[in-house]
Amino acid sequence: MIPFRTALGILALSATVGCHPPIRPIVPDVRGAAVSAALWHPPERGRDLYMGVGGPRLAPDPRDRFAVIAVKAGGFSEGYTVLDGRRREWSVKFPPEAQAEVVASRLLWGVGYHQVPIYLLSDWTATGAKGPNPQRPARFRAKDIPFAGMKEAGGWSYYQNPFVGSRELAGLIVLQVMLGNSDLKDEQNMLYELKAPREGARVWYVARDLGHSFGRSGLIDAPRNDIEEFEKAPFITGVRDGHVQFAFDGRHGALVDRITPADVRWICERLNELTDRQWRDAFRAGRYEPALANRFIRRMKAKIAEGLAVSR
């Protein structure tokens, strides 16, 4: 028998799969958001994929005593909103998505896509938590980010943004496919305004909430952070009429329908420039055991090789 929650999800998706907003470029309301570097900027060589964009200075202190002020409602993974000892507010997400999200964020930033500071704490305590201390490993993302005066400026959509038709947006979508992420809802993304330009722009389009990674794509409760699923899930299935065909299951399939071989090669060339140390550091940031990290890295590198070889 199909669980009630799953049955409701199937009914809802049956009414929405195939229905999506028009895919078209738009001019945003936020001044400066239309510049090309607002989505992607060439990264400097050797970015630190262990500490990420925020570096060690912005990382939460695992020795701090956190206080739970809200329990996350909905979503695939449980989570909290917490305050640290300095009254900084953090969004906290638990497994199975916590580790995968940190690593996916590091990889996006490593190839030039803007990201916000996030960290994985593996041993921490909290008052007001539902479970006993120490708490499970969790992803921490600051709400008010003390980084370049960064402030949230609203969500953005893969379907309608200034970069529709650009190689940079196509590359981001391909990278999501490679990660197995089909959770491409508008609310997963965030636009940020900075006090001064950083990484080429004063406004950043950030692909956020990347926890549906390192499993496989799917409509309902697809596995994530699952090496067995990630290793066996195919990537490219062919090329038809000049467009790459992907093994992608999800309600946002329209986003991958017009990807060209050149788009795939572009992002795979950039991923191929990451050093072995950067790959290891990205997975260290997610607190993966080396043997498990190596399996994920081997599969990602196999997908990169597949993408570099794709042609008309």
Open item on the list: Take residue 104 and tell me if it is in contact with a Leu (Cβ under 7 Å, 6 or more places away or on another chain) and modelled with pLDDT under 95.
Closed with: no
- [ ] Residue by residue through segment 50-92, note down the ones that are within 14 Å of residue 287 (Cβ to Cβ) and either touching a Ser or Thr at 6+ places or on another chain (Cβ under 8 Å) or of a type in the set (S, T, N, Q) (or both).
- [x] 52, 62
TODO: Examine segment 67-89 for a residue that is in contact (Cβ under 8 Å) with a residue 60 or more places away in the chain and over 21 Å from the mean Cα position of the chain (by Cα), and state whether such a residue exists.
DONE: yes
- [ ] Report, ordered by the first and then the second residue, all pairs with beta carbons closer than 6 Å, sequence separation of six or more or different chains, a first member in segment 219-230 that is over 11 Å from residue 96 (Cβ atoms), and a second member that is of a type in the set (D, E, K, R) and assigned to a helix (DSSP H, G or I).
- [x] 227/295; 230/299
Task: Those residues of segment 151-169 which are closer than 21 Å to residue 110 by Cα and crowded, with 23+ Cβ neighbours inside 10 Å, in sequence order - done: 158
Task: Filtered residues of segment 219-235 (kept if surrounded by fewer than 20 Cβ atoms within 10 Å (Cβ to Cβ) and on the phi > 0 side of the Ramachandran plot) - done: 221
Open item on the list: Let me confirm something: among 238, 215, 253, which residue is surrounded by 21 or more Cβ atoms within 10 Å (Cβ to Cβ) and not hydroxyl-bearing (Ser, Thr, Tyr)?
Closed with: 215
Open item on the list: Go through (1) buried (at least 18 other Cβ atoms within 10 Å of the Cβ); (2) at pLDDT 90 or above; (3) over 30 Å from residue 226 (Cβ atoms) for residue 60 and report which single condition fails.
Closed with: (3)
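Conditions tested, residue by residue: (1) in a loop (DSSP other than H, G, I, E, B); (2) not aliphatic (A, V, I, L, M).
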position: 99; (1), (2): no, yes
position: 103; (1), (2): no, no
position: 109; (1), (2): no, yes
position: 120; (1), (2): no, no
position: 125; (1), (2): no, yes
position: 130; (1), (2): yes, yes
position: 140; (1), (2): no, yes
position: 149; (1), (2): yes, yes
position: 155; (1), (2): yes, yes
- [ ] Return yes or no: is residue 87 assigned to a loop (DSSP other than H, G, I, E, B), at pLDDT below 95 and over 29 Å from residue 199 (Cα atoms)?
- [x] no
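The values are calculated or read from the model by the stated rules, or taken from the named source; none is laboratory data. Computed from a predicted model, the values in this text were never measured in an experiment. Methodologically, a virtual Cβ is constructed for each residue, glycine included, from the backbone with ideal geometry; neighbour enumeration extends over all protein chains shown.
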